[in-house]
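Engineer: Shown below is the structure under consideration.
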Amino acid sequence: MLQPFTRVLDLGTGDIAPENRLVRRRLSDMRGAYAEDCDGAQVVYEVFNIDVPETNSELQTCTTRLYNGKVGDEYFMTKGHFHEVRDRSEVYLTTSGYGRLVMATEDGRYAIEEMRPGSMNYIPGGWSHRSVNVADEPLVFFAAYIGDSGHDYGSIEERGFPVLVVEGPSGPEVVPNPRY
Ligand code: F6R
Ligand code: ZN
């Protein structure tokens, strides 16, 4: 049995004190995710994790700080994934910034939900998910998901999502993904 514990989350930056593990993804880690080529050391996002055993009796929790920027007309976004155990659900709580949560099922249905301070997005089992930062400031959100969920990035790397969120003349637009 785990010992109870407390962590302190900075709602503005997403920093967790003390954090157990930091994942940092740079443009060079995002190659293939955008229609245009991208490369380089610029950081696209960071994930601050609190590590607990990866079992279905615990909840994994973390925050994501997704920086603002674009590759071509596509906004900075997370890689996106299905949970390896497909029916595992997740909740996101946005604490700072503005974005879109793009979700899709394996049979090609999709859903887009808004992310803004206070949004609680529920991601049911079976839906892949990717966050997109549509503003000029970092998007920060807290996530909680079932401990044994795992992450399957391969399916998204191969196929992408059915739609893309791009910058249009009057703001964010959802367009079909020609490579899906
Ligand atoms: C965990 C989850 C988020 C993401 C994070 C980074 O299941 O959905 O914590 O892991 O926002 O995105 P990915 O994992 O797609 O690189
Ligand atoms: Zn997830």
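Engineer: Calculated from DSSP H runs of 4 or more alone, at -39500 (n - 2.57) each and per residue, what is the 222 nm mean residue ellipticity of the chain, nearest 500?
Structural biologist: It comes out at -1000 deg cm²/dmol, rounded to the nearest 500.
Engineer: Residue by residue through the stretch 16-30, which ³J(HN,Hα) values in whole Hz follow from phi under the Karplus form 6.51 cos²θ - 1.76 cosθ + 1.60 (θ = phi - 60°), with glycine and proline marked x?
Structural biologist: Working through the residues one at a time gives 10, 10, x, 8, 8, 7, 10, 10, 10, 10, 9, 3, 5, 7, 9 Hz.
Engineer: Give the distance, in whole Å, between the Cα centre of the stretch 17-40 and the Cα centre of the stretch 115-180.
Structural biologist: Between the Cα centres of the stretch 17-40 and the stretch 115-180 lies a distance of 14 Å.
Engineer: Which residues does a label at Glu173 reach in the stretch 126-156, if reach means a backbone N under 20 Å from a point 7 Å past the Cα toward the Cβ?
Structural biologist: Residues passing the 20 Å test: 132-136.
Engineer: Taking 2.2 N^0.38 Å as the expected size of a compact globular protein, what ratio does the Cα radius of gyration of the stretch 11-110 give against it, to two decimals?
Structural biologist: Values: Rg = 14.9 Å, N = 100, 2.2 N^0.38 = 12.7 Å.
Cα-based Rg divided by the globular estimate yields 1.18.
Engineer: Quick one: compute a quarter of the convex hull surface over the Cα atoms of the chain and quote it in nm².
Structural biologist: Numbers: hull surface 40.2 nm².
If I average the Cα hull's projected area over directions, I get 10.1 nm².
Engineer: Next question, about the same structure. Rounded to a whole number, what % of the accessible area of the chain do carbon and sulfur atoms account for, probe 1.4 Å?
Structural biologist: 49
Engineer: What figure in square angstrom, to the nearest 10, would you give for the accessible area of Thr63 with a 1.4 Å probe?
Structural biologist: Number for this one is 0 Å².
Engineer: Under 5 Å between amide H atoms, partner at least 5 residues away or on a different chain: which partners does His81 have, H built in plane at 1.01 Å?
Structural biologist: Here His129 satisfy the definition.
Engineer: Report the charge-dipole magnitude of the chain in Debye, nearest 20, computed about the Cα centre from +1 at each Lys and Arg Cβ and -1 at each Asp and Glu Cβ. Provide the component values of the computation, followed by the final result.
Structural biologist: On the way: 17 positive and 28 negative charges, 18 e Å.
About 80 debye.
Engineer: Rolling a 1.4 angstrom probe over the protein heavy atoms, how many square angstrom per residue are accessible across the stretch 76-132?
Structural biologist: 43
The values are calculated or read from the model by the stated rules, or taken from the named source; none is laboratory data. Please read all numbers here as calculations on a predicted model, not as lab measurements. Virtual Cβ from ideal backbone geometry, glycine too; neighbours counted across all protein chains shown. Quick note on the areas: whole protein, heavy atoms, side chains included, nothing else; ligands and nucleic acids left out. Shrake-Rupley method; radii C 1.70, N 1.55, O 1.52, S 1.80 Å.
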